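The values are calculated or read from the model by the stated rules, or taken from the named source; none is laboratory data. Predicted model, so just to flag it, every value in this text is computed and none were measured. Ideal geometry is used to build each Cβ from the backbone, glycine not excepted, and the neighbour counts take in all protein chains shown. Side chains are part of the model used for accessible areas, which takes the heavy atoms of the whole protein and leaves out ligands, DNA and RNA. Shrake-Rupley method; radii C 1.70, N 1.55, O 1.52, S 1.80 Å.
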Amino acid sequence: MLNFLTADPEVLKIAKLEIERQQTNLELIASENFVSLAVLSAAGSVLTNKYAEGYPGKRYYGGCEIVDMAEDLARERLRKLFDAEYVNVQPHSGSQANMAAYMALLKPGDTILGLSLDHGGHLTHGSLVNFSGQIYRAVPYTLNKETKVLDYNLIEDIAKREKPKLIVMGASAYSRDWDFAKFRQIADSVDAMLMCDIAHPAGLIAKGLLSNPLPYCDVVTSTTHKTLRGPRGGIIMMGKDRENPLGIKTIKGDRLKLMSEIFDGMVMPGIQGGPLMHIIMAKAVAFGEALQDSFTGYAKQIIKNAQTLAGELINYGYDIVSGGTDNHLMLVDLTKKDLSGKKVENALGAAGITVNKNMIPFDSKSPFVTSGIRIGTPAVTTRGMKENEMKIIASYIDRAIRNLDNETELISIRKEVAELCGKFPLYPELN
Ligand code: DSN
């Protein structure tokens, strides 16, 4: 693939450096993964050349017969993967999927309830620095102060007091499973619509390893590039058998058509123009991969790895928020160690271990400093690493944190990290 970049040495150099960085570092950012060469090829294909505003069979441009096949294939595979009734594969990102969902269901000024950003929520779940907190009246819910897990009584109290039009579930840094039925009950008790953003655990939910929100939600959004291991992008889905959330009376069979028109129309022309057809084809490839039985083994291993890593870190004396993990990630609370996430992120970076600093619930430090780091296992699991490697990684993390200011020790860990990575080759075809 890089052969084609030889005419542009400046870009070739950047591409080579990034391949090398990915190959030689331990990628523990919970929202990242390594796509297959097939996904990479589709994302780099000639479909990037095609304008295709509209939807299959109903485009504003000629010459869309072939890209229609790509989008139909992506839609069909995604429907199958989540047993969904309605899907839209055009959102360029998770944020745009969320924006389209909100704009389809809400009016400016309506109240939304979402998990607070500093308790693991996402910017688009009502943060004041994001459109979601500026266009809508956003009220946050938080985790329980003692247990650091979702507190359904608290959420119910907030919902009863604030009467939201939409309750948003989902998180970017929460390691426990969700009781979606309980949320539905809360939403019904205040006549609210219910949405879930499954960007992080989508691949685990698709394989039945975590609770599935589709039967309970009016709409479900996701990205495609985290545990789902596809290209960067967003999707919107609706499960089967729910009434339409806007309460418009339909006879059975019309619901899909109506909601498709509402959500499809809000994605394009509502907030987007031409879809990224190369990315949609790459999504089709990734959904095809996720449908295979082997993906179940991969998804199971992500969770086993996260649980092993969390257990090891606890043994080394670290606090894991909520005491452990049910999914692909964990939040390490550094308060007891009197360290900031920023300092630890930098030290681990110097040791060849990539993580991100992250607020912990009730954090006293700013988002630029933080009292925690977030660690995830999807990418290292893709490399083939298992429980044994998680134990080694935990020991590296502990050593690096105990030697934050010892450059020689950090460089020595970095060498060991590169050796470990060398045993689990990544993209050797690109060398
Ligand atoms: N930036 C993503 C994450 O890291 O979780 C969410 O958008």
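Report the residue count in segment 109-153 for those that are of a type outside the set (S, T, N, Q) and within 20 Å of K365 (Cβ to Cβ).
In the first step, residues of segment 109-153 are kept if they are of a type outside the set (S, T, N, Q); the result is 109-110, 112-115, 117-123, 125-126, 128-129, 131, 133, 135-141, 143, 145-146, 148-152.
After this cut, where a residue has to be within 20 Å of K365 (Cβ to Cβ) as well, the list is 115, 117-123, 128-129, 140, 143, 145, 148.
Total satisfying the criteria: 14.
For Q22, indicate whether it is farther than 18 Å from G288 by Cα and within 16 Å of the ligand (Cβ to nearest atom). Break it down stepwise before answering.
Working: farther than 18 Å from G288 by Cα: yes; within 16 Å of the ligand (Cβ to nearest atom): no.
It is false that Q22 is farther than 18 Å from G288 by Cα and within 16 Å of the ligand (Cβ to nearest atom).
Regarding K58, is this residue farther than 18 Å from L194 by Cα and surrounded by 15 or more Cβ atoms within 10 Å (Cβ to Cβ)? It would help to see each step written out before you state the result.
Working: farther than 18 Å from L194 by Cα: yes; surrounded by 15 or more Cβ atoms within 10 Å (Cβ to Cβ): no.
For K58, the condition - farther than 18 Å from L194 by Cα and surrounded by 15 or more Cβ atoms within 10 Å (Cβ to Cβ) - is not met.
Search segment 334-357 for residues that are within 14 Å of I413 (Cβ to Cβ) and open to solvent by 30 Å² or more (accessible area, probe 1.4 Å) and pair each with any residue that is assigned to a helix (DSSP H, G or I) and at pLDDT 95 or above when their beta-carbon atoms are under 6 Å apart and the residues are at least 6 apart or on different chains.
Listed pairs, sorted by first residue: A350/L410.
Just need a number here: residues in segment 82-110 that are more than 16 Å from the ligand (Cβ to nearest atom), open to solvent by less than 20 Å² (accessible area, probe 1.4 Å) and outside any helix (DSSP H, G or I).
Within segment 82-110, the subset more than 16 Å from the ligand (Cβ to nearest atom) is 82-90, 103-110.
Next, from what is left, pick out any that are open to solvent by less than 20 Å² (accessible area, probe 1.4 Å): 82, 84, 86-90, 104-106.
After this cut, where a residue has to be outside any helix (DSSP H, G or I) as well, the list is 84, 86-90, 106.
Selection size over segment 82-110: 7.
Go through the residues of segment 119-142 one by one and say whether even a single one is at pLDDT below 95, of a type outside the set (G, A, S), open to solvent by 10 Å² or more (accessible area, probe 1.4 Å) and closer than 23 Å to N358 by Cα.
Within segment 119-142, the first condition is being at pLDDT below 95, and the residues that meet it are none.
Scanning segment 119-142, I find no residue that is at pLDDT below 95, of a type outside the set (G, A, S), open to solvent by 10 Å² or more (accessible area, probe 1.4 Å) and closer than 23 Å to N358 by Cα, so the answer is no.
Starting from residues that are within 21 Å of N153 (Cβ to Cβ) and of a type in the set (G, A, S), keep the ones in segment 180-220 and report whichever is most open to solvent (accessible area, probe 1.4 Å).
S189
I'd like the full set of residues that are open to solvent by less than 20 Å² (accessible area, probe 1.4 Å) and not in a helix (DSSP H, G or I), limited to segment 287-302.
Once the filter is applied, which keeps residues that are open to solvent by less than 20 Å² (accessible area, probe 1.4 Å) and not in a helix (DSSP H, G or I), segment 287-302 yields nothing.
I want to confirm something. Restricting to segment 362-383 and keeping residues that are farther than 24 Å from R229 by Cβ and within 16 Å of the ligand (Cβ to nearest atom), which single residue is surrounded by the most Cβ atoms within 10 Å (Cβ to Cβ)?
At the first step, the residues of segment 362-383 found to be farther than 24 Å from R229 by Cβ are 362-372.
Among the residues that remain, those that are also within 16 Å of the ligand (Cβ to nearest atom) are: 367-368, 370, 372.
Working: P367: 14, F368: 9, T370: 24, G372: 29.
That would be G372.
Inspect all residues belonging to segment 409-428 and state whether any of them is over 29 Å from K13 (Cβ atoms) and open to solvent by 20 Å² or more (accessible area, probe 1.4 Å).
yes
Quick one: in segment 8-19, of everything that is in a helix (DSSP H, G or I) and open to solvent by 30 Å² or more (accessible area, probe 1.4 Å), which residue is farthest from the ligand (Cβ to nearest atom)? It would help to see each step written out before you state the result.
Within segment 8-19, the subset in a helix (DSSP H, G or I) is 9-19.
Still in the running and open to solvent by 30 Å² or more (accessible area, probe 1.4 Å): 9-11, 13-14, 16-18.
On the way: P9: 31, E10: 28, V11: 25, K13: 27, I14: 22, K16: 25, L17: 22, E18: 18 Å.
Going through the qualifying residues, I end up with P9.
Cβ-Cβ under 8 Å, sequence separation 6+ or interchain: first residue in segment 23-35 and closer than 12 Å to H225 by Cβ and acidic (D, E), partner part of a loop (DSSP other than H, G, I, E, B) and within 16 Å of the ligand (Cβ to nearest atom). Which pairs?
Here the result reads E32/H225; E32/K226, each pair linking segment 23-35 to a residue that is part of a loop (DSSP other than H, G, I, E, B) and within 16 Å of the ligand (Cβ to nearest atom).
Just the residues that are within 19 Å of S322 (Cα to Cα) and surrounded by fewer than 15 Cβ atoms within 10 Å (Cβ to Cβ), please, taken from segment 145-178.
Within segment 145-178, the first condition is being within 19 Å of S322 (Cα to Cα), and the residues that meet it are 145-155, 169-178.
Matches in segment 145-178: K145, E146, T147, N153, L154.
Could you tell me which numbered condition N33 fails, if it satisfies all but one of (1) outside any helix (DSSP H, G or I); (2) surrounded by fewer than 20 Cβ atoms within 10 Å (Cβ to Cβ); (3) of a type outside the set (G, A, S)?
The single condition N33 does not satisfy is (2).
Can you find even one residue in segment 61-75 that is among the charged types (D, E, K, R), farther than 29 Å from K423 by Cα and over 26 Å from the mean Cα position of the chain (by Cα)?
The first filter runs over segment 61-75 and keeps only residues among the charged types (D, E, K, R), leaving 65, 68, 71-72, 75.
From the residues that got through so far, the ones that are farther than 29 Å from K423 by Cα too are 65, 68, 71-72, 75.
From what's left, over 26 Å from the mean Cα position of the chain (by Cα): 65, 68.
The answer is yes, given that some residue of segment 61-75 is among the charged types (D, E, K, R), farther than 29 Å from K423 by Cα and over 26 Å from the mean Cα position of the chain (by Cα).
Go through R79, R75 for me and flag whichever is assigned to a helix (DSSP H, G or I) and open to solvent by less than 70 Å² (accessible area, probe 1.4 Å).
Details: R79 fails: open to solvent by less than 70 Å² (accessible area, probe 1.4 Å).
The unique qualifying residue is R75.
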